[in-house]
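Since the structure comes first, as structure tokens, the remarks are kept for the end.
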Amino acid sequence: MKVDVLLGLQWGDEGKGKVVDVLTPGYDVITRFQGGPNAGHTLEFENQKYVLRSIPSGIFQGGKVNIIGNGVVLDPALFKQEVEGLEASGHNLKERLFISKKAHLILPTHRLLDAAYESAKGSSKIGTTGKGIGPTYTDKISRNGLRVGDLLCNFEAKYKAAIDRHKEILSHYDFKYDLEQIEKDWMAGVEKLKEFQFIDSEHVVNGYLAADKKVLAEGAQGTMLDIDFGSYPFVTSSNTICAGACTGLGVSPRNIGDVFGIFKAYCTRVGSGPFPTELFDEVGEKLCDLGHEFGSVTGRRRRCGWIDLVALKYAVMINGVNKLIMMKSDVLDGFEKIKACVAYKINGEETDEFPFDINEGVEPVYVELPGWKTDMTKMQSENEFPEEFNSYLDFLEDYLEVPIKIVSVGPDRAQTIVRYKDFE
Ligand code: GDP
Ligand code: IMO
Ligand code: MG
């Protein structure tokens, strides 16, 4: 069997958590392969809402193995909070959650460095989630990081050396901090983490594939936040794209199966950085209000705009998406007209090729389509779709040249419609 990958095609928060949960019954193993607690993946079912940050979204469907892969960066203190929250609502994770020994640890000082770097950037700050993601990946790449497996061997000395190094860096910044309490929470997190099994996840995952088990890799963030292909420098610090699943799990590109690309029927972004189709008018406000566009973890208001097909097509190409999933269709239910950006005008010239830099001078070129003005939230099958909605889907499929296999019409697990009878 191969690893199927599900990933965001925009700037994150596309609804990955919800869909991974919906697809989980068809899989044996669910894995995270990059990112960390900068993610906030929301799931809703049986009138309950959960937000997952480091734990894969397959955790609620019984009998499945969930793995935090080597490409993930893990903060023990936040992990403890997440686990305890789930345990308090009756979910026992120990039997079904496993952690790669090679996953890197977010140290307390990584969070402080994140804050210090952001504050030093002033008005050009990235608007990070403040979880220490960038500094942790920086240490990984510069070969200074600590990994989950290090907790098992001579950890104290390695920890002290890392913290001392970070303190020295922090001393160059005009940044006040109090390490004591966060260190205490962090150490308590380490004890919690140690209750879980640390595994050689690359062997385990490849073992499952050899045994014909089905594995789903759950992306975090989105393609436009990818460190290489996103809107640099306003990106996260990992490869959020499909290739990240190979390095973040230790699977060969030959073992990648379906690539599910997930997008909202419009577009959002949280944090700083360019966003060509952003709306600053009442339409943007309406999208934000109807879509409840506030960060799952930080509560930050998400910037909203029309769908950007230039960026989406680029994301489809980079990831080799063969199945699309459209989320939050219901948010557009009340709109008279819907716009889709089909090209960028740069220096007076139109292009549908995503350029090197979208930081300045990119003007979106729109096509206007009729809205469907129908409440879709209770629909159960594609046979109920209004004509204008089908035209919107056809339009997107024609442009992106990939079929839209799933449509989501509300946040609940049950508000998910699989299209085409031949879907497997
Ligand atoms: P993720 O990070 O990609 O998992 O997405 P988030 O959980 O951060 O954000 C998606 C938000 O949209 C969450 O609040 C979901 O509950 C919600 N959501 C998901 N699908 C739909 C949908 O089809 N319609 C509506 N209205 N909300 C949705
Ligand atoms: P999920 O998985 C939306 C954004 C931050 C910031 C930039 C860098 O829920 O879709 P970081 O803390 O990673 O260094 O921040 O990336 N960002 C996200 N935006 N959804 C996410 O995750 C994000 N994770 C990071 O807002 O602009
Ligand atoms: Mg999110």
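The values are calculated or read from the model by the stated rules, or taken from the named source; none is laboratory data. Since the model is a prediction, treat every value here as computed from it, not as a measurement. Backbone-built Cβ (ideal geometry, glycine too); neighbour counts: all protein chains shown. Accessible surface areas use protein heavy atoms only, side chains included; no ligands, DNA or RNA. Shrake-Rupley method; radii C 1.70, N 1.55, O 1.52, S 1.80 Å.
Show me, for the stretch 327-336, the HN-Hα J-couplings you get by feeding each phi into the Karplus relation (A = 6.51, B = -1.76, C = 1.60, θ = phi - 60°), rounded to Hz, glycine and proline as x.
Those phi angles translate into 10, 6, 4, 4, 5, 8, 3, x, 7, 5 Hz.
Can you tell me the 0 to 90 degree angle between the C-alpha axis of helix 155-170 and the longest principal axis of the chain, rounded to 10?
Computed tilt is about 70 degrees.
Using alpha carbons only, how many degrees (0 to 90, rounded to 10) separate the axis of helix 179-193 from the longest principal axis of the chain?
So the inclination is approximately 80 degrees.
Before rounding to the nearest 500, sum -39500 (n - 2.57) across all DSSP H runs of length at least 4 in the chain and divide by the residue total; then give [θ] at 222 nm in deg cm²/dmol.
Estimated from H runs of four or more residues: -9000 deg cm²/dmol.
Taking the mean number of other Cβ atoms within 10 Å as a proxy for protection, how do you rank 4-13, 78-87, 183-192 from highest to lowest?
Put in order of decreasing packing, that is 4-13, 78-87, 183-192.
For the full complex of protein chains and a 1.4 angstrom probe, list ILE256, ILE227 by accessible area with the highest value first.
Correct descending sequence by accessible area is ILE227, ILE256.
At a Förster radius of 35 Å, what calculated FRET efficiency corresponds to the Cβ-Cβ distance of GLU202 and ASP164, to the nearest 0.05?
0.65
Can you give the log10 of the normalised intensity I(q)/I(0) at q = 0.11, 0.19 Å⁻¹, computed with Debye over equal Cα scatterers of the stretch 48-168?
-0.44, -1.07
Roughly how many debye, to the nearest 20, is the charge dipole of the chain about its Cα centre, given +1 on each Lys and Arg Cβ, -1 on each Asp and Glu Cβ, and no other charges?
Roughly 1500 debye for the chain.
For the pairs LYS80/LYS378; LYS194/LYS214; LYS18/LYS167; LYS194/LYS323, flag any whose C-alpha to C-alpha distance is greater than 32 Å.
Too far apart for the 32 Å limit: LYS80/LYS378; LYS18/LYS167; LYS194/LYS323.
In sequence order, what are the phi-derived ³J(HN,Hα) couplings for the stretch 295-304 according to the Karplus relation 6.51 cos²θ - 1.76 cosθ + 1.60 with θ = phi - 60°, rounded to whole Hz, with x for glycine and proline?
Per-residue couplings from phi come out as x, 4, 10, 8, x, 5, 5, 8, 6, 10 Hz.
Sorting check: for 37-46, 390-399, 264-273, 346-355, which peptide has the highest mean count of neighbouring beta carbons within 10 Å, and how do the rest follow?
Answer by packing, highest mean first, reads 264-273, 37-46, 390-399, 346-355.
Can you find, among SER201, HIS292, ALA315, the residue sitting farthest towards the positive end of the charge dipole of the stretch 184-329, where Lys and Arg contribute +1 and Asp and Glu -1 at Cβ?
Of the options given, the answer is HIS292.
How far, in nm, would the chain grow between PHE45 and GLU382 when pulled straight, counting 0.36 nm per residue and subtracting the alpha carbon separation?
Extra length available between PHE45 and GLU382 comes to 119.2 nm.
For the chain, what does the accessible surface come to per residue with a 1.4 Å probe? Please give it in Å².
Per residue, the chain has 42 Å² of solvent-accessible surface.
Cα atoms only, the chain: Rg and Dmax in Å?
Using the Cα atoms of the chain, the pair Rg, Dmax is 21.3, 65 Å.
How large is the direction-averaged shadow of the alpha-carbon convex hull of the stretch 249-380, in nm²?
If I average the Cα hull's projected area over directions, I get 10.6 nm².
Can you grab the distance from the C-alpha centre of the stretch 189-251 to the C-alpha centre of the stretch 1-34, Å, no decimals?
One Cα centre to the other: 11 Å.
Ignoring solvent entirely, what values of log10 I(q)/I(0) come out of the Debye formula for the stretch 102-220 at 0.13, 0.16 Å⁻¹ when each Cα is a single scatterer?
-0.63, -0.87
Averaging the inverse of every distinct alpha carbon separation and then flipping it gives the Kirkwood radius. What is it for the stretch 308-350, in angstrom units?
Roughly 12.7 Å, rounded to one decimal.
Distance cut-off 30 Å, Cα to Cα: go down the list LYS121/LYS339; LYS140/LYS192; LYS121/LYS328; LYS102/LYS313; LYS2/LYS345 and report the pairs above it.
Among LYS121/LYS339; LYS140/LYS192; LYS121/LYS328; LYS102/LYS313; LYS2/LYS345, the Cα-Cα distance tops 30 Å for LYS121/LYS339; LYS121/LYS328; LYS102/LYS313; LYS2/LYS345.
Measure nothing fancy, just the Cα-based angle from helix 201-210's long axis to the longest principal axis of the chain, in degrees from 0 to 90, nearest 10.
So the helix axis and the longest Cα principal axis differ by about 50 degrees.
Calculate how many DSSP beta bridges within the chain are antiparallel, expressed in % of all such bridges and rounded to the nearest 5.
Close to 40 percent.
Which of the peptides 65-73, 277-285 is most tightly packed, and how do the rest follow, judged by the mean count of other Cβ atoms within 10 Å per residue?
65-73, 277-285
Given 0.36 nm per residue, what is the gain on full extension from LYS184 to THR374 after removing their alpha carbon distance, in nm?
63.1 nm
Could you give the length gained by full extension between LYS337 and LYS94, i.e. 0.36 nm per residue of separation minus their alpha carbon distance, to one decimal place?
Gain in length upon complete extension: 82.5 nm.
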